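Heads up: the structure comes next, in C-alpha cells.
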Amino acid sequence: MKTDILIVGAGPAGIFTALELIKKGSRKKITIVEKGKPIEKRHCPKSETKKCINCRPYCHITHGFSGAGAFSDGKLSLSYEVGGDLPILLGDDFTQELIDYTDKVYLSFGADEHVEGRGKEEEIKNIRKRAIKAGLKLVDCPIRHLGTEKAQELYYSIQQYLLEHGVEILFETQCTDLIISDRVCKGATIEAKNGQVYELLAEHNIIATGRGGAGWLEQQCSIHDIHHRPGTVDIGVRVEVRTEIMEHVNEVLYESKLIGYPKPFKNKVRTFCQNPGGFVSQENYDNGLSVVNGHSYKGFKSDNTNLAILCSHNFTEPFNQPIAFARRIGELTNMLGDGRIMVQRYGDILDGKRTWQDELNKSNVRPTLPDAVAGDITFAMPYRTMTNIINFIEAVDLVVPGFASEETLLYSPELKFYSNKVKMTPDLKTSVSGLYCLGDSSGWTRGLMMASSMGVLMGRKLAKQ
Ligand SMILES: Cc1cc2nc3c(=O)[nH]c(=O)nc-3n(C[C@H](O)[C@H](O)[C@H](O)COP(=O)(O)OP(=O)(O)OC[C@H]3O[C@@H](n4cnc5c(N)ncnc54)[C@H](O)[C@@H]3O)c2cc1C
C-alpha cells in the first residue's frame, strides 16, 4: 500500500501537521496511523469502575485521536519558555511566532478567548519578589485553558475537519517497525485492528508517537541507527493542597511556573502542570507502568489544587538509559502500591513514617485520586530526588505560605520521559532521509502547544515540497 505522507500518531503533533498541510493547500495523500480510537469512542472505564483497571492493549487516556491531549486539562502554554526545547532548535522569536500562529488555529476551532496570567502585572511583581527571596525564578507564561471537557469538543472538530478534507485516519492500527534502507525511510510496517500486517510505503514518514511511544521510538533509533542522544528525564511527585493555600497565585497566574536549583545537588527542580480546582489522575503505559498526572475541568471543580514538582536528571557516560532508570523507579513504586499510585503526607515524609488511610481521612485535604494507596513513597525515591523535592517545597512555602504544611499530599510516581532526543536540523530533518520525528516522542516537546507548533512547522515544510 502507498501514501504520500504517513503520520504515525494522531496526537497534537501529528494532527497539526495534517491541518497545516491542508491549510497550505497541499494535494498530497495524507494517512494517519493511530493505535487508539476516534475521539468520540475514547472512554476511560474508571468513571464506572471507580478505579483504574489497566486497560489493554492500551490506555484510553493517552491513546486515540488527539493523543494525550484529549483527556488533558487542555492548558495551552503561550510562551516559548514553556513546553519543550524548540527554542534551542529554532530560536526564541521564531518559536514564539509559531506558538502565536498555532494559538490562532486553536481559537478558530473554538478555544476559549480568555487568557490567564495577563493584566495583573502589579500582583505578578509581588509574587516574583517573594520568589527571588526564596531563590526561585518565576517564569511568565500566559495560559489558554481549554478544560478537559472542552478539549474533547475542540479535538472532535479537528478530527471531523481532517476527515472532511480527505485525510485517511486508520484507527486501532499501529506502526510496528520502520522500513529503512541505505539511510532512507521508505515507509512503515503496520498492524491493523484485525491483526493483518502489511507495509505502507510513503515518501515522507512522520513519527509522532508521544510519551507513550517514546520507548518504541528509542528502540527504532537503535535498530536503524537514527541519530539521537539521551535527553533529560524528569522524576518527581504530584503535590495536592487545599485550594485556599494556592488561591492567590491561582487567581493571578493560574499556573505559577517556579524554577529552582536547591542545594546541595543544584539540579533543576520546577513546578509543572498546575490544576486549580483540579483532579489527580492515573495514566497507564503499554508496558504496565502506572504514573500519576493531573487535570482540571472548566466547569467542575474540586476543593484542591494539584501540581507536579519535577527534578531533571541528566546522566553522564557510560550511562545512557534515562527512560529505563525512571521506569525502574516507577515500577518499584507501583510494586509497593500494589499497582496503584501511592500517596503520602509531607509531614510523614519529614517524620520518616508511612501514611495510613485513617490519617488521610482526618486531613483537610481529601485526595482527589481516591484509589491512591496511602504509603511511603520514600522507599522507592532516590535520595537525591527526594532531597531536591523537600528543599524545593520549603522554598515554595516562602512564596505560597502553607505549601509545606504537614498534610500536603505527595503522589508518586510522577515521571516525564523526554528522553531520546532525536538529532535534527531546524528543517526538522533527521539523519535518515524521508524520516521526521515530532512532538513528545522526539524529545523536543513536552506540552500541547509546543507539540502542536512543531506539527505546524512540519506541515509548512512538507507543503513546499
Ligand atoms: C493527563 C494528562 C494531562 C496533560 N495536561 C496537559 C496540559 O494541560 N497542557 C499541556 O501542554 N500538556 C499536557 N499534557 C501533555 C500533552 O498532552 C502532551 O505533551 C501532548 O499530547 C504531546 O503531543 P504528541 O502529539 O507529541 O503525543 P501524544 O499526544 O502522546 O500522541 C501520540 C499518539 O500516538 C499514538 N501512538 C503511539 N505509538 C503508536 C504506534 N506505534 N502506532 C500508532 N500510533 C501510535 C498514541 O496512541 C497517541 O494517540 C498532559 C498529558 C496527560 C497524559
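Would you compute the Debye intensity of the range 251-317 from its alpha-carbon atoms alone, equal scatterers and no solvent, and pass along log10 I(q)/I(0) at q = 0.16 Å⁻¹ to two decimals?
Those come out to -0.71, one per q.
Please report the spacing between the Cα centers of the range 51-105 and the range 358-407 in Å, no decimals.
One Cα centre to the other: 27 Å.
Is the shape of the range 1-134 best called rounded, prolate or oblate, per the rule: a/c under 1.5 gives rounded, else a/b larger than b/c gives prolate, else oblate, with a ≥ b ≥ c the square roots of the Cα gyration tensor eigenvalues?
Oblate, because a/c is 1.5 or more while a/b does not exceed b/c.
Could you give the radius of gyration (one decimal) and Dmax (whole number) of the Cα atoms in the chain, in Å?
21.4, 64
Order these by the 10 Å Cβ neighbour count, fewest first: Trp356, Trp444.
Trp356, Trp444
Check the straight Cα-Cα distances from Lys186 and name the aspartates and glutamates below 16 Å, setting aside those fewer than 8 residues away within the same chain.
The reachable aspartates and glutamates, counting only those whose Cα sits under 16 Å from Lys186, are Asp4, Asp177, Glu199, Glu203, Asp225.
So what is the diffusion coefficient of the range 250-362 in µm² per second by Stokes-Einstein at 37 °C and 0.692 mPa s, using a Kirkwood Rh over Cα pairs? Show your work: numbers first, answer last.
On the way: Rh = 16.6 Å.
Stokes-Einstein gives a translational diffusion coefficient of 198 µm²/s.
Given the pairs Lys266/Lys416; Lys120/Lys353; Lys41/Lys137, which are separated by over 31 angstrom at their Cα positions?
Too far apart for the 31 Å limit: Lys120/Lys353; Lys41/Lys137.
Quick one: Cα convex hull volume of the range 94-221, Å³ per residue?
209
For a quick check: sort Leu86, Leu76, Leu163 by the number of other beta carbons within 10 angstrom, fewest at the front.
Neighbour counts put them in this order, fewest first: Leu163, Leu86, Leu76.
Give me His63, His228 sorted ascending by neighbouring Cβ count inside 10 Å, so fewest comes first.
Exposure proxy ranking, most exposed first: His228, His63.
Provide the packing ranking of 165-174, 309-318, 429-438, i.e. peptides ordered by the mean count of other C-beta atoms within 10 Å per residue, highest first. If you can, show how the numbers build up before the last one.
On the way: 165-174: 17.8, 309-318: 15.6, 429-438: 21.6.
My ranking of the peptides, most packed first, is 429-438, 165-174, 309-318.
Please give the peptides 391-399, 237-245, 123-131 ranked by average Cβ packing (other Cβ atoms within 10 Å per residue), highest first, as a rough proxy for protection.
By packing density, highest mean first, the sequence is 237-245, 391-399, 123-131.
Where the centre of each part is set by its Cα atoms, how far does the range 108-132 sit from the range 228-264, in angstrom?
Here the answer is 16 Å between Cα centres.
Values in this text are rule-based calculations from the coordinates and carry no lab data. If you're wondering where the values come from, they're calculated on a predicted model, not measured in any experiment. All Cβ positions, glycine included, derive from the backbone under ideal geometry; neighbour counts span all protein chains shown.
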